[in-house]
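Here is the structure we will look at.
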């Protein structure tokens, strides 16, 4: 019974670590969304500049200032998008690692559960056989230990 308690203590500790990791991931994601928001606002501003430069009602040719505005706006869009992609990749990697740990814990729990059920089944079977069968098993184990 002590072995089962120790095994399930391990599982409980692992589960607690998974919950803490999930909470950290949620807080990090919230923080990263706060970091992404300015880039999204900048992207909106850059798109507004591009829209103003490329108005269909304008029959004038583009000036040097327009070309500079286009370069600055597209450069800002590219920079902002790269930052957003980098932040999302980091969160994606952490999320994948968390999913892998959860899958390993599920497998571990299933394995340990079937092991414990088997032990309980054997214990009940031995209990039904009575003290004589239990004494025979203990004697066999002692003889094996003495022989070794």
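What follows is calculated from the coordinates using simple rules that are stated; it is not laboratory data. All values reported here derive from a predicted model rather than from experimental measurement.
Could you tell me which of rounded, prolate or oblate describes segment 1-113, using a ≥ b ≥ c as the square roots of the eigenvalues of the alpha-carbon gyration tensor, with rounded for a/c under 1.5 and, failing that, prolate when a/b is larger than b/c and oblate otherwise?
prolate
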Tensor-based shape of segment 1-45 (alpha-carbon gyration tensor, a/c under 1.5 rounded, otherwise prolate or oblate): prolate
